[in-house]
1. In segment 149-171, is there at least one residue being surrounded by 23 or more Cβ atoms within 10 Å (Cβ to Cβ), outside any loop (DSSP other than H, G, I, E, B) and at pLDDT 90 or above?
2. Residues in segment 258-300 that are in a loop (DSSP other than H, G, I, E, B) and modelled with pLDDT of 95 or more: how many?
3. Just the residues that are over 14 Å from the mean Cα position of the chain (by Cα), farther than 17 Å from residue 175 by Cβ and surrounded by 18 or more Cβ atoms within 10 Å (Cβ to Cβ), please, taken from segment 12-58.
4. Which of the residues spanning segment 217-248 are farther than 18 Å from residue 265 by Cα and in a helix (DSSP H, G or I)?
5. For residue 145, only one of the following conditions fails: (1) in a loop (DSSP other than H, G, I, E, B); (2) surrounded by fewer than 19 Cβ atoms within 10 Å (Cβ to Cβ); (3) modelled with pLDDT of 90 or more; (4) of a type outside the set (Phe, Trp, Tyr). What is its number?
6. Out of (1) buried (at least 19 other Cβ atoms within 10 Å of the Cβ); (2) within 24 Å of residue 124 (Cβ to Cβ), the odd one out for residue 62 is which?
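The values are calculated or read from the model by the stated rules, or taken from the named source; none is laboratory data. The model shown is predicted, which means the values in this text are computed figures rather than measured ones. Because the Cβ atoms are built from the backbone with ideal geometry, glycine has one as well, and the counts that use them run over all protein chains shown.
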Amino acid sequence: MPSEQIQWFPGHMARTRRMIAENLRHVDLVLELLDARIPLSSRNPEIAQLTAGKPTLVLLNKADLADPDQNRLWQRRCCGESTACLLTDCAGGDGIARLAPAIRELMADRLRRNAEKGVNRRLRAMVLGIPNVGKSTLINRICGNRKARAEDRPGVTRDKQWVSTGIGVDLLDMPGILWPKFEDRRVGENLALTGAIKDEILDTEALAVLLCGRLRRLYPGLLSARYRLQDISPELDDNGLFLAIGRRRGFLAGGAEVDTERTARVLLDEFRAAKIGRITLDRPESGAPESEGQNAGTDA
């Protein structure tokens, strides 16, 4: 299983955890980015413990790639007494204009107290999230230029950096942080499927077969439409479905044999780019990553 290959804890992750604890007293609030396609799986359970007591604005980022109906459900679930939530697409800019008002509303009491004391200090926020969730892209979008290095692969930001913005908030950008062990194997699988874990350490063909199984349960209509699978036997197992997709796309090598490497690469790339459709793998009603037997609607 792919989950057996992705139990990892690089040294820089442990260092980031220490950096968070050491620098938390220097900030007023936390901006926590989650991947809207996997809001539960992309939420590092250690962050809540490390940042306990700090107001938190949760950004469900990459919302443009996720199921709109699930976005609304997760947005409601992520809100709390000292927590607000926004849907964002940091790459495209959607939702960024709502960031400053949301911060002011969340920090209204602090701002009022500062005003009463005559304190005119800019708010300071720590930006947290797993690798490749969009932290550097968010900072660059707010600043209007490339203040932070941003690439579509995990593990790019390796050190903290302070960034001054034009919205009245100074941001402390922290490296992405994963955690030592995924207690639920589906959490690790979801992180791998969305690219939060480097593809080089994965069996991409096994991961693509896993994706086929997830999509046939959650979004069978989208999967069938993208790969013209209406006449495929429902009795095929996940691997058989994977091979059928390769044949449908004409990915053949050596005659009738399916080029499984190419098929896997295309499947994962098209899922991550929402070419199959807007898909969410975690479901708020279950309180856990999707499980066997769940069958969501087929429309994006």
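1. Yes - at least one qualifying residue is present in segment 149-171.
2. Final tally of qualifying residues: 10.
3. Hits for segment 12-58 are 28, 29, 55, 56, 57.
4. Taking segment 217-248 first, the residues farther than 18 Å from residue 265 by Cα are 217-222, 224-225, 228-237.
Residues satisfying the conditions are 217, 218, 220, 221, 222, 224, 225.
5. All conditions are met except number (3).
6. Of everything listed in (1) buried (at least 19 other Cβ atoms within 10 Å of the Cβ); (2) within 24 Å of residue 124 (Cβ to Cβ), residue 62 misses just condition (2).
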